[in-house]
Amino acid sequence: MTRYGVMTSLVLMLCFWTVVYLYLDPMDPIVAPSLADPKPCGIKCSDDVAAAYLVNTAGCMIPNFPMEDILKTRRPQIEGFVCSKYRPLTEEKRQHVLFFKDRISDYNLTSDTFNCSYQGIEKGPERVHKLKESVPLVMDKTPIPDDGIVVTCYNNSLDNNTIFYQNVHYFIQPWRAEEKRKLFKKNFGHRSNHPEKLSVLLMGTDAVSRFNAIRHMPKTYRYLMEEVEALDFRGYNKIAENTLPNTYALMTGYTLQDLDKLKCSDKKKYLLDDCPLIWKDFANEGFLTGFGEDVVPRGIFTYRHSGFAKKPVDYFVEDVYRTALSKLSHGVPSFRGFTYSPCVGPRLTVSVMHDHSLAMAEELQDMPYFAFYWSAGITHDHLRMPRVVDDGLVKLLTQFNENGYLNHTVVILISDHGLRYGPFRHTYLGMVEEKLPFCFMVFPPWFKKVYPEAWKNLVTNTKRLISNLDIHETLHSLASGDFASGAERSVKPKYGQSLFAEVPETRICSDVNIPEVFCSCEVYLTASITDESVIAAAEMVTKELNSRLEEFVQCEPLHLDKVLSARLAFPSNNSAKRRPTDHTSTYLIEFQTKPGGAMLEAMVKKSKEFTLLGEVMRTNKYGNQSHCMKHFVLRKYCFCKDLLEPKDGSQR
């Protein structure tokens, strides 16, 4: 059969797939949808072969879904929310804090019934931050020499001077860049003489698939595609289950297992100082560097499995942001179910990251920088919450564009995976898009004319299978300027390649370290949940999990409760030639265990015996069920014995 014959057959097979019409959110108190595969989507599936696939190469085929179905929802849209109904009394601008005294009427006070002061934030020993002496805030515009300040306002019409307003402000201080700025000018002169020295803004948003970005960040997607000619990497596939291993691969070019072998991290203190983080590449080339995230101390580089003994970058937002969260973090009464606080004072947590990135761009127009910001506070738990981020991202992109920052900056918007928990994740589309986070890149408008070959390859690679390991190599190329010279890396990377070079059409998931369980280049057909092999596979995985939990005596042994769904997996195109298939079946099963009701998803290969492929993923939240153990991986399976109901009915 010709390649086109195979293609046509697979297109017809895709006609048995459609999109689930009910998009649910974990915070929605309604019943989960059926776990059965969707109904046929009709003739429109085969109208256009190109539209039927996100990736359609000799090595990989990833199915697409009709856009009108992706956008459908039976739930009311979230238009956003505000963290305060009052206008802020203070804002930051460059190295000044602005004081808007006329806004005091919002707080039902008058100019003679309040007073404000500010305190600089400084870093103490062991990452403890302390406040400097209080300074009265009087002028409309006050110069600030600190990286951050806490502003506090009191209602002095009351005897106890009640605090009615607090805010934290962040500043990009030029003195931090002075030494590197002088060195850059000495070595390179004006940056216009070196167009290859592009600034790079890497802006991450947690748990948003490409499909969900189109669905719930429509303004951002439209602006990217229509206004700034962004590149949409449709075949961007995650390599691991959750945030840490995916972002570590993005930032280091290595898997977690590789980092353990490199022994670059101190496991006792969870430090990453000696690991090959990408901002070191940029720093070595004379770039200024910045990093910030809106979840501390449980984020990417402050979580219990990582951290730094010293400041890792020139502009480290955590120094100030930790103080802000300790004083001002709060939720929104009308919305529930957030793992992390979505607000810090009167601002959305993500807005702090946007504002800081904009301040970096404004202050550092004369020399290149690399800045990485990550936001998880709002989008981590809810399918529909990216809509809250939408306006802020459009505003950020618009300001970068209109202020001319895009003339010398590459902006990369990226996520780590799709939504991992909740009713939508249990649907067929939820399973597919969880593996496919978004990745959009915006280059200067002149880039494609000056570097036509690099641009041509970037465009080609938008429809190739790629992973975060490729993004890492692309960042390395931007740091070194290899994309302009065409030079190859002196040390060949272990995984991935720069996207400035064409990704081979024959690439399959294993070529770029994507485990089979996370590989989107698979065709799935429904299998019976009562099939003996399916039940045996679920039993085997349950037994395997119990063996891993055996040393944790505080965890109750698990038992198979029921199989929820089962699918047979078939590799697409050339991947079939790279995996033995004779007398072998591969199942993707979702099942529930007891006690605790854990919903688990696993890929199992059946040959002479069953073999578990990759990780076992939990697709519902486990909350406090594993409070008795702290193992980073196994805690999602553990049900603590102290939560069991006593058989005699007595209370523990």
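The values are calculated or read from the model by the stated rules, or taken from the named source; none is laboratory data. Keep in mind the model is a prediction, meaning the values are calculated, not measured. FYI the Cβ positions are ideal-geometry reconstructions off the backbone, even for glycines, and counts take in every protein chain you see.
Here are the numbers:
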read-out: Given (1) crowded, with 24+ Cβ neighbours inside 10 Å; (2) closer than 30 Å to Ser490 by Cα, number of the condition Leu383 does not satisfy; value: (2)
read-out: Enumeration of residues in segment 130-163 that are part of a strand (DSSP E or B), of a type in the set (A, V, I, L, M) and surrounded by 12 or more Cβ atoms within 10 Å (Cβ to Cβ); value: Leu131, Val135, Leu137, Ile149, Val150, Val151
read-out: When residues of segment 189-229 are limited to those that are surrounded by 21 or more Cβ atoms within 10 Å (Cβ to Cβ), part of a loop (DSSP other than H, G, I, E, B) and aliphatic (A, V, I, L, M), the one nearest to the chain's Cα centre (by Cα); value: Ala207
read-out: One residue from Ser351, Ser357, Ser326 being more than 24 Å from Lys621 (Cα to Cα), part of a helix (DSSP H, G or I), assigned by TED's automatic domain parsing to the domain that holds Cys439 and free of Cβ contacts under 8 Å to residues at least 12 places away in the same chain; value: Ser326
read-out: Of all residues in segment 90-107 being among the charged types (D, E, K, R) and in a strand (DSSP E or B), the one that is surrounded by the most Cβ atoms within 10 Å (Cβ to Cβ); value: Glu92
read-out: Residue within segment 162-176 that is without any contact (Cβ under 8 Å) to a residue 24 or more places away in the chain and assigned by TED's automatic domain parsing to the domain that holds Phe99 present; value: yes
read-out: Search result, residues across segment 389-418 that are closer than 17 Å to Glu79 by Cα and surrounded by fewer than 23 Cβ atoms within 10 Å (Cβ to Cβ); value: Asp390, Asp391, Gly392, Val394, Lys395
read-out: Scan of segment 457-472 for residues that are in contact with a Lys or Arg (Cβ under 8 Å, 6 or more places away or on another chain) and either surrounded by fewer than 24 Cβ atoms within 10 Å (Cβ to Cβ) or not hydrophobic (A, V, I, L, M, F, W, C) (or both), ordered by number; value: Thr462, Lys463, Arg464, Ser467, Asn468
read-out: Any pair with Cβ under 6 angstrom, 6 or more apart, that starts in segment 262-280 at a residue that is assigned by TED's automatic domain parsing to the domain that holds Lys311 and closer than 25 Å to Ser480 by Cα and ends at one that is aromatic (Phe, Trp, Tyr) and modelled with pLDDT under 80; value: Asp273/Phe308
